Every structure is written in structure tokens, then in C-alpha cells.
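I have placed the structure first, in the form of C-alpha cells, so that the comments after it can refer back to it.
The values are calculated or read from the model by the stated rules, or taken from the named source; none is laboratory data. Remember, it's a predicted structure, so these values are computed and weren't measured experimentally. Neighbour counts run over all protein chains shown; Cβ positions are idealised from the backbone, glycine included.
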Amino acid sequence: MKRILVTGGAGFLGSHLCERLLSRGHEVLCVDNLFTGRKANIAHLLDNPYFEFMRHDVTFPLYVEVDEIYNLACPASPIHYQFDPVQTTKTSVIGAINMLGLAKRTKAKILQASTSEVYGDPQVHPQPESYRGCVNTLGIRACYDEGKRCAETLFFDYHRQHQVTIKVMRIFNTYGPRMHPNDGRVVSNFIMQALQGQDITIYGDGLQTRSFCYVDDLIEGMELLMNSRDEFTGPVNIGNPGEFTIKQLAEKVISLTHSSSQIIYQPLPQDDPMQRQPIIELAKQELNWQPKVVLEEGLKKTIAYFQQMIIKSK
Ligand code: NAD
Ligand code: UDP
Ligand code: UDP
């Protein structure tokens, strides 16, 4: 049994991870400031004697004794990370310094939830880990993208300078139950709109693409990466290579929900990437990982979750 710290553990991905680690017999310390996370995501874990929740902001130092750290703390949806952009950069950068300092002192292994956003609006398609990216340092997405890029730098410098064992995971768009219904991400938006008979809001012409990974696949990749050989640092892409236009996603959601919603078109936000698709050869080779859940199957499970949520709120 290991003592494992999950920062951002009350969020969408973090709560699934806490659940998975507990099911493996580990002790889990979930640290979260509840900015975008919710107690409801972890309510079912609070009775477990091996689970502990601590309300704490990772931009402040944290002194605990742990064997492993999964660093997920950071708002992930554009409306949330752009709400207080300075705090977003602080969370990624100062948060990484504090968690790396903690890893250094306790000799814990540490995994960083990085992102496909380090590639920005990519000029190379699909994206291999070797691609260095195309990020507008001055734009409204930079607080998130540059914060995550700097965090990767810090991870590699702590690794080289202080021999901290690191794992850097570049996560591509992930969806599933416990996404925040109002966080503005495309999958949750479209499903909520379709289920409530509201217009489906496509930004731009809907021809921009994304590749969507179901949460269970993602968490499996995360666990495999943490347990990979010590010398394997990443960065490694984890995502589903199935690429869809946003318009195709809207049509799929309408058809799966049997919704009467109409598609409407709204302006494309600044610096919105035109295309995104992971190359996952490295994950296949090193982790023997590849996603199993196809979009339609994952969407059905996510739709069922939001349906329940709407019923309960009535
Ligand atoms: P989320 O917003 O649901 O989870 C983030 C969690 O971090 C929330 O619970 C939030 O309250 C917490 N948090 C934010 N700032 C904090 C701070 N300063 N101190 C402590 N806790 C803080 O988002 P998610 O989708 O679960 O994302 C989890 C991680 O994965 C993030 O680091 C995100 O950047 C990364 N990621 C997610 C995706 C995706 O598609 N879901 C894609 C790429 C990367
Ligand atoms: N830190 C922490 N918990 C620990 C150890 C360190 O939060 O258990 C923080 C502390 O605030 C420190 C940062 O991590 O500023 C970086 O630690 P490091 O040892 O690298 O640097 P230093 O202590 O020399 O600033
Ligand atoms: N998007 C959209 N309608 C929405 C929400 C998002 O058309 O209601 C688009 C958005 O402009 C982007 C894509 O869907 O091109 C994915 O957006 P999301 O915020 O989910 O993730 P990210 O842009 O960070 O990949």
C-alpha cells in the first residue's frame, strides 16, 4: 500500500483517479481548493478510511509525507482558466514548484498532468511528442498553455538538478461523467444543450477538429505511466487518435439524445486551435496502452450521467 497525493482530486479527472487508486488498495490524500472541483465528485469516497480530503491551494507550500504525487490541480476549461488568468499561471508554475519541492524532500515519484495545449494551434498534424508547438504567448489561452509549458520545464529541471523521478503526461481532450455541466467545454455544453432542448452552440464554422478520449481510458494511461520504469520520464501523449470536427460531434450528440435542438453558429474565440490529434506510438510502446472506448460508447455513458444530474436537480 502506498500513500498517494492527488492534487486537483475533487475535479473531473482527479475524482476518477482517487477512486481508481483506492480500488487498488492505496491510501489517497486528495488536495483541492474547490475552484472548479466539487465535493459531490468525492462524496462517495469520504467514508473510506483510506481516503482523506484537504482543502488547500497548491500555490502555498504543503508539508505532508507521501510516496507518489499526481499533480492535476489547475482549471482546465477555457472559461474557468480565463476567469482569473494570473491565478491560473500561479497554479501551474508555483503549484509545480511546491509539489516538486515536496517530491524532492519526500523522494516521492511525481506525475504532471500536462496537456496537448503545449502544442498550441499546431502547424504539425497529427502531433508527436517531439513537436515544439505554436503558442501565442500574448493571447487569452497563454495563461494556461504557457503555465503548463513552464511546469514541464520545472519538472525536467528538478529531474536533472535534483534527481526527482518525474512522469510528464500530455493529455488530449478527455470527457466523461463528472465533467462540470457549466464549464463550457464542448462535450458537456453540447450534451446539456441537447438534453434541455436548447440551441447547440458551434463556435466558428465547426470544421475545427478535436480527438476525444473517454475518462476510463485516460485514467488507465495515467496509472500505467506512474508505474512505468523509473527512467521513463515522458513527455508522452495520452489521448484517443479518433479525430472529429466539432460539427460532427454536434450531430452525434443530437442523434444520440434524440434531441430537437438546432445548431447555431457563434464567433470562434481567439487562438482556438484548428486541429488536434495525438500520435500515440510512444504510449503504445512504453506503456502498452491504447484507448478502447469509441466516441459513441463514451458519449452514451456521459449522456446518461448528465440525464441523471438534470433529473436530480428538478
Ligand atoms: P477540473 O477543473 O475538473 O479539475 C481541476 C481541479 O484542480 C479542480 O478540482 C480544481 O478545484 C483544482 N484546482 C484548481 N486550482 C487549484 C489550486 N490552486 N490548488 C488546488 N486545487 C486547484 O479539470 P480536469 O479536466 O479534471 O483536469 C485535471 C488536470 O488535467 C488539469 O491539470 C488539466 O490541465 C489537465 N488536463 C485535462 C484535460 C481534459 O480534457 N480534461 C486535457 C488536458 C489536460
Ligand atoms: N515545499 C513544499 N513542501 C515540501 C517541501 C518544499 O511545499 O515538503 C515547497 C517550498 O515552499 C519550497 C518549494 O517547495 O519553496 C521548492 O522547494 P525546493 O526544496 O526546491 O526549494 P527551496 O526550499 O530551496 O526554495
Ligand atoms: N466549442 C464549440 N461550442 C461550445 C464549446 C466549445 O464549438 O459550446 C469548440 C471550441 O471553440 C473548440 C472546441 O469546441 O474549438 C473544443 O473546445 P473545448 O473548450 O472543449 O476544448 P479546447 O479548445 O481546450 O480543446
Answer from SER23, SER15, SER77 - the residue that is at pLDDT 95 or above, small (Gly, Ala, Ser), out of contact with any helix residue (DSSP H, G or I) (no Cβ under 9 Å at 6 or more places or on another chain) and away from ligand 2 (no atom under 16 Å from the Cβ): SER23
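Can you confirm whether LYS107 is farther than 24 Å from LEU22 by Cα and among the basic types (Lys, Arg)? Write out each step before concluding.
Numbers: farther than 24 Å from LEU22 by Cα: no; among the basic types (Lys, Arg): yes.
Answer is no for this residue.
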Matching residues in the range 128-147 - criterion: being in contact (Cβ under 8 Å) with a residue 40 or more places away in the chain and either part of a loop (DSSP other than H, G, I, E, B) or under 25 Å from LEU249 (Cα atoms) (or both): PRO128, GLU129, ASN136, GLY139, ILE140, ARG141, TYR144
Candidate set: the range 91-127, residues that are away from ligand 3 (no atom under 15 Å from the Cβ), charged (D, E, K, R) and outside any strand (DSSP E or B); chosen: the one farthest from GLY242 (Cα to Cα): ARG105
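Being touching a Gly at 6+ places or on another chain (Cβ under 7 Å) and within 16 Å of ligand 3 (Cβ to nearest atom), is that true of even one residue in the range 148-167?
Keep residues of the range 148-167 that are touching a Gly at 6+ places or on another chain (Cβ under 7 Å), which gives 167.
Checking the rest, the ones that are also within 16 Å of ligand 3 (Cβ to nearest atom) come to none.
No, there is no match, as no residue in the range 148-167 is touching a Gly at 6+ places or on another chain (Cβ under 7 Å) and within 16 Å of ligand 3 (Cβ to nearest atom).
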Residue match in the range 163-176 (condition: modelled with pLDDT under 95, surrounded by fewer than 22 Cβ atoms within 10 Å (Cβ to Cβ), within 13 Å of the chain's Cα centre (by Cα) and not aromatic (Phe, Trp, Tyr)): no
All positions within the range 54-85 that are in a strand (DSSP E or B) and within 26 Å of ASP230 (Cβ to Cβ): GLU68, ILE69, TYR70, ASN71
Inter-residue pairs, beta-carbon under 6 Å, first surrounded by 18 or more Cβ atoms within 10 Å (Cβ to Cβ) and in the range 230-256, second among the basic types (Lys, Arg), 6+ apart: GLY234/LYS167; PRO235/ARG170; ASN237/ARG170
All positions within the range 21-70 that are within 9 Å of ligand 1 (Cβ to nearest atom), more than 11 Å from ILE4 (Cα to Cα) and of a type in the set (A, V, I, L, M): LEU34, VAL58
All positions within the range 148-174 that are out of contact with any helix residue (DSSP H, G or I) (no Cβ under 8 Å at 6 or more places or on another chain) and assigned to a helix (DSSP H, G or I): THR153, PHE156, ASP157, HIS159, ARG160, GLN161
Exclusive hit being in contact with a Pro (Cβ under 7 Å, 6 or more places away or on another chain), crowded, with 19+ Cβ neighbours inside 10 Å, part of a loop (DSSP other than H, G, I, E, B) and not charged (D, E, K, R), set THR88, THR36: THR36
Residue that is nearest to GLN208 (Cα to Cα), among those in the range 90-141 that are more than 16 Å from ligand 1 (Cβ to nearest atom) and of a type in the set (D, E, K, R): ARG132
